[in-house]
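K.L.:
If you scroll down you'll find the structure; I have some questions about it.
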Amino acid sequence: MNRSILTIDYTETTKDLLDPLDAELLDKAARAADGAYAPYSRFLVGAALRLENGQVICGNNQENASFPAGICAERTAVFYAHANFPETQIRAIAITASPCGICRQVLLESEKRAGVPIRVLLAAGDKVRIFQSVKDLLPFGFDSF
């Protein structure tokens, strides 16, 4: 039997200390949240991702009376990016809430597909947590090992 220890490295900061590109990404995620359709939970979430070509794609959560039919902000943005820019890597994503497990898995697989880390910025009020890889959010994602 081998015992292992898992350490997660992240940076905690405030919005006013972010570099301009990260601040812009978080601002776009916050604006995307304003357009969310969440009449049942009233929990508005926005996401904005930056592609390797510099383009920013936004998404927000969209609920449905048939609850499983809704989709989270992160998946809205990621699936749009993969459908419209299949050869372009996602470099960073800003989210206005901590992602659910399904979104973490989708982001992890996107990172694996690209072969490069995706930076993740999670905002809560003025506080921002920055992770250099999705693996830090889901170290034991669904996969064969």
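K.L.:
Suppose we filter L44, L18 for residues that are hydrophobic (A, V, I, L, M, F, W, C), more than 18 Å from S133 (Cβ to Cβ), under 16 Å from the mean Cα position of the chain (by Cα) and modelled with pLDDT of 95 or more; which single one remains?
P.N.:
L44
K.L.:
Next up: Could you please let me know if P139 is modelled with pLDDT under 95 and not hydroxyl-bearing (S, T, Y)?
P.N.:
Considered against the rule, which asks whether it is modelled with pLDDT under 95 and not hydroxyl-bearing (S, T, Y), P139 comes out as yes.
K.L.:
Using beta carbons and a limit of 6 Å, which pairs, at least six apart or on different chains, have the first residue in region 80-96 and farther than 13 Å from V56 by Cα and the second one surrounded by fewer than 18 Cβ atoms within 10 Å (Cβ to Cβ) and among the aliphatic types (A, V, I, L, M)?
P.N.:
T96/A30
K.L.:
Which of the residues that make up region 21-41 are of a type in the set (A, V, I, L, M, F, W, C), over 16 Å from the mean Cα position of the chain (by Cα) and either assigned to a helix (DSSP H, G or I) or loosely packed, with under 14 Cβ neighbours inside 10 Å (or both)?
P.N.:
Answer for region 21-41, where residues must be of a type in the set (A, V, I, L, M, F, W, C), over 16 Å from the mean Cα position of the chain (by Cα) and either assigned to a helix (DSSP H, G or I) or loosely packed, with under 14 Cβ neighbours inside 10 Å (or both): there is none.
K.L.:
Hey, A124 hits all of (1) over 16 Å from N53 (Cα atoms); (2) of a type outside the set (F, W, Y); (3) without any contact (Cβ under 8 Å) to a residue 12 or more places away in the chain but one; which does it fall short on?
P.N.:
(3)
K.L.:
Still on this structure, please answer the following. So which of T7, T11 ends up being within 17 Å of V134 (Cβ to Cβ) and either in a strand (DSSP E or B) or in contact (Cβ under 8 Å) with a residue 40 or more places away in the chain (or both)?
P.N.:
T11
Conditions (1) touching a helix residue (DSSP H, G or I) at 6+ places or on another chain (Cβ under 9 Å); (2) in contact (Cβ under 8 Å) with a residue 60 or more places away in the chain, marked per residue:
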residue: A29; (1), (2): yes, yes
residue: D34; (1), (2): no, no
residue: A38; (1), (2): no, no
residue: S66; (1), (2): no, no
residue: G70; (1), (2): no, no
residue: A73; (1), (2): yes, no
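K.L.:
Further, regarding this structure: How many of the residues in region 7-38 are charged (D, E, K, R) and within 22 Å of A73 (Cα to Cα)?
P.N.:
Summing the residues that are charged (D, E, K, R) and within 22 Å of A73 (Cα to Cα) in region 7-38 gives 7.
The values are calculated or read from the model by the stated rules, or taken from the named source; none is laboratory data. Just so it is clear, the model here is predicted, and its values are computed rather than measured. When we count neighbours, we look across all protein chains shown, and the Cβ atoms used for this are built from the backbone with ideal geometry, even at glycine.
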